[in-house]
Amino acid sequence: MDDTLDLNAAKDAVITMVNSNTYKKNIFENYGSILPVVSITTNFPIQKSIADEFTLNRKQRTAFMIITSHLDGDSRCRTGDNSDQLIMCIPGCGGTGKSQLIRALTKYFLVTKRTQMMRKLAPTGIAAAEIGGMTIHSFLGEQRNSGKPRTIKAGDLKLEKEWRLIEYLLIDEMSMVGLTLLAKLNRIISAAKHVDPQIPFGGVNVIFFGAYLQYRPVYDAPMHTDSTLLSKKKSTKLPTEKEIQQRVARSLILQINCVLKLTQQMRTEDIRYLQLLERLRHGQCNYDDYELLMTRVVGQPSVGSLRDSPWNKAPILVFRNEVRTQLNCKAAIHNATQSGCTPTVCVAQDTCKGKPIEDPTLMKKLLELSDSKTERLPGLLPFVPGMPVILTQNIAIELSLINGINGIFRQLVYQPDSMSTDVLSQAFPNNTQYVHRPLYALIEIARSKIKCNLEEVQPKLVPIPLMEQTFRVDVTDILPKGKKSTSNGKAILSIKRRALPFVPAYCITTHKSQGQTLNKVVIDLKLLNETDDIVAVYVPLSRVKRLTDLIILRQFDYKVLVIKPSKSQIAEIERLDKLYLDTQTRFPDWFQ
Ligand SMILES: Nc1ncnc2c1ncn2[C@@H]1O[C@H](COP(=O)(O)OP(=O)(O)OP(=O)(O)O)[C@@H](O)[C@H]1O
């Protein structure tokens, strides 16, 4: 009975009104379009059949009913604050079925012919692909690091057209959405919809999905940041524009008026391990949990050797990009040697002010930089057929050729060149062959959406071209003695790089692993000295379905299992818990 809907509630839901949002009437009038005829519709059978088709569990169903009934104008969903605007949060840790719920909602919008009213957004390409949506940046028409924000002008017809029909935004992976980005989204919707800037998100209904115990946005403040912490300066100083925007965004988050926590684990069957993860989230693991995890440390009798299957094919998760790059190089060279191939490395083409880099010291420094410092284009890319790789750029989002997607390297197509084969890096053996003129690589990407009717061409074998990026690098340390640096003591060069946009994936950072379910994984729980973020422990441990799917590289301290969430994380969790109780009181039928 748990998963079935209450029939009385069903009868109440049968009569619904379409487009009964009164304050949005003005918007339709502004455009001179014909007001939709207020229709009375009986959508409950559709709601039920879609909830059944996606086998939604009780809480997924409740969330589904709240959102779809709000869409249908059900009066019970329109008695809250903000002129009945739905600003909803659906927190749930990995595997609680958030993506499944989004799939069911998408179907409802589709079947009821209202797809145009909804957009699905996520902060990263990989998260956007997971739900068939777009990144927030590309939706806002901005390049991530271009430094050129889209200007918002009154009467921007293109902007108005883009937003004209949109009334619902589903935003996934909220932990990675920063306050500055959210403020920008808010400003753009307000301008596009011509509504009072006081109305959050221009009156558009917004539903956030995700978990707070995930890595935070890289260059932005997380959504749960306490407003009082948003200014580091003395209170006498005027806040910067960025601080003001972040405070505005935080005040938007405080307007969330409906919360539904997803708690039923849909991915993992290992109950004992689930309980451990639940305690871990609160920093409350006990000694039994520690002993259980210690049985998975390499060297224990129950754990096989790292050299043997399945662990020799499992990705290793590490914390630092430099360690990742080194381990990947070692693994690629080792595998090439094992399979009798000459170790081969593809070399990036770097230029400065249009001229190729010729100075050997500078060339070596640039090529050895971790790709995390070069706009994610690797300087030296070792390769061997069969190597797991991960794309580092968005090539074609609609085809799922996006930053973060996995593939298998099959072949490099390149022009032979006459450049010297001097050793470019000590990281590679002396007999390494360097390829300076690559054309493209053939990568097998199982999740790509490319279709191909040619019999001889495998549809999942994708040609990946070279890409170009510009990055800045501090070269003060390699300046010849006596050469002057700038007044602040630094010499910065702007380098343009052309290179293949992928890296080996024998080893990935825990940060990159966020949001992925891995079949088998090797993890490290020895944290970097300064780390006291629970996320660094929780993310690697929660990538698998069962404890037996992971092994731990080395011994670790008990104390890493009792790191507490931060004050602002706890405060936000408590605030959402309270709103969740309010939501249950507001929709008693659907919570029965
Ligand atoms: N109601 C359901 N019925 C059947 N399978 C489900 C249901 N909900 C989720 N699943 C399955 O459980 C797995 C995890 O669900 P899903 O990917 O939606 O979780 P998630 O909360 O989005 O996880 P993550 O945050 O890690 O992406 C998926 O394989 C999904 O198909």
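The values are calculated or read from the model by the stated rules, or taken from the named source; none is laboratory data. Everything quoted here is computed from the prediction, not taken from an experiment. For neighbour counting, all protein chains shown are included, and Cβ atoms are generated from backbone atoms with ideal geometry for every residue, glycine included. Accessible surface is based on the protein model in full, side chains and every heavy atom, while ligands, DNA and RNA are left aside. Shrake-Rupley method; radii C 1.70, N 1.55, O 1.52, S 1.80 Å.
Overview of values
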read-out: Residue within region 286-297 that is open to solvent by 50 Å² or more (accessible area, probe 1.4 Å), in contact with a strand residue (DSSP E or B) (Cβ under 6 Å, 6 or more places away or on another chain) and part of a loop (DSSP other than H, G, I, E, B) present; value: no
read-out: Complete set of residues in region 195-215 that are away from the ligand (no atom under 16 Å from the Cβ), part of a loop (DSSP other than H, G, I, E, B) and touching a strand residue (DSSP E or B) at 6+ places or on another chain (Cβ under 8 Å); value: Val204
read-out: Meets criteria (open to solvent by 40 Å² or more (accessible area, probe 1.4 Å) and either polar (S, T, N, Q) or at pLDDT 95 or above (or both)) for Gln349; value: yes
read-out: Residue selected from region 88-132 under the condition more than 8 Å from the ligand (Cβ to nearest atom) and hydroxyl-bearing (Ser, Thr, Tyr), by the criterion least open to solvent (accessible area, probe 1.4 Å); value: Tyr108
read-out: Any hit, region 382-389, residues being modelled with pLDDT of 90 or more, crowded, with 19+ Cβ neighbours inside 10 Å and under 15 Å from Arg498 (Cβ atoms); value: no
read-out: Checklist (1) over 18 Å from the mean Cα position of the chain (by Cα); (2) assigned to a loop (DSSP other than H, G, I, E, B) applied to Ser494, failing item; value: (2)
read-out: So Val537, is it buried (at least 18 other Cβ atoms within 10 Å of the Cβ) and not in a loop (DSSP other than H, G, I, E, B); value: yes
read-out: Breaking point among (1) among the hydroxyl-bearing types (Ser, Thr, Tyr); (2) assigned to a helix (DSSP H, G or I); (3) within 16 Å of Gln246 (Cβ to Cβ), for Tyr219; value: (2)
read-out: Condition check for Ala221: at pLDDT below 90, within 16 Å of the ligand (Cβ to nearest atom) and crowded, with 19+ Cβ neighbours inside 10 Å; value: no
read-out: Residue in region 151-169 that is within 16 Å of the ligand (Cβ to nearest atom) and either at pLDDT 90 or above or open to solvent by less than 40 Å² (accessible area, probe 1.4 Å) (or both) present; value: no
read-out: Residue match in region 548-562 (condition: in a strand (DSSP E or B), touching an Asp or Glu at 6+ places or on another chain (Cβ under 8 Å), touching a residue at least 24 places away in the same chain (Cβ under 8 Å) and more than 16 Å from the ligand (Cβ to nearest atom)); value: yes
